1. Between 0 and 90 degrees, rounded to the nearest ten: what's the tilt of helix 50-61 against the longest Cα principal axis of the chain?
2. Two decimals, Cα atoms only, Kirkwood Rh: what is Rg/Rh over the chain?
3. Sort 55-64, 71-80, 26-35, 3-12 by packing, meaning the average of other beta carbons within 10 Å per residue, with the highest value first.
4. Which length gain, in nm to one decimal place, applies between Asp74 and Leu2 when the Cα-Cα distance is subtracted from 0.36 nm times their residue separation?
5. Can you give the charge dipole size of the chain about its Cα centre, rounded to the nearest 20 debye, using +1 on the beta carbon of Lys and Arg and -1 on the beta carbon of Asp and Glu?
6. What whole-number value in Å² describes the accessible area per residue of the chain for a 1.4 Å probe?
7. Round to a whole number: what % of the accessible area of the range 1-43 belongs to carbon and sulfur, probe 1.4 Å?
Amino acid sequence: MLIRRLPEKPVPGAIIVKLYRYRDEIRGYVRQAVDPSKDDVIFPGEEMEPEAAFRLARTHSEGEAPIYVELVEDVQWDPSWAH
């Protein structure tokens, strides 16, 4: 699975995994980019562990849509998240 950093303007249909800090853990959620005039679609609305977020992203990508990662709050990339 090829994971890229989130560009400024992701293509509609792209799957985005946002990873952030919650207390002392890294948490994430998955969304799908849509037309810039609309709000992105979030699946599901709850936070999850990074590995679960990437599994969900692969499912929604169906091998077609690009998958991007957005790292916030000083989160550092760990390649083990995206097996």
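1. 10
2. Working: Rg = 11.9 Å, Rh = 12.7 Å.
Ratio of gyration radius to Kirkwood radius for the chain: 0.93.
3. On the way: 55-64: 14.2, 71-80: 10.4, 26-35: 18.5, 3-12: 12.0.
The peptides rank, most packed first, as 26-35, 55-64, 3-12, 71-80.
4. On the way: separation 72, 0.36 × 72 = 25.92 nm, distance 2.21 nm.
Here the answer is 23.7 nm.
5. Details: 11 positive and 16 negative charges, 39 e Å.
Dipole magnitude for the chain comes out near 180 debye.
6. On the way: 5350 Å² over 83 residues.
Value for the chain: 64 Å² per residue.
7. Details: 1400 of 2940 Å².
Answer for the range 1-43 is 48 percent, counting heavy atoms of protein chains only.
The values are calculated or read from the model by the stated rules, or taken from the named source; none is laboratory data. Note that this is a predicted model, so its numbers are computed, not measured. Note that each Cβ is placed from the backbone with ideal geometry, even for glycine, and that neighbours are counted across all protein chains shown. What goes into the accessible areas is simple: the full protein's heavy atoms, side chains included, and nothing from ligands, DNA or RNA. Shrake-Rupley method; radii C 1.70, N 1.55, O 1.52, S 1.80 Å.
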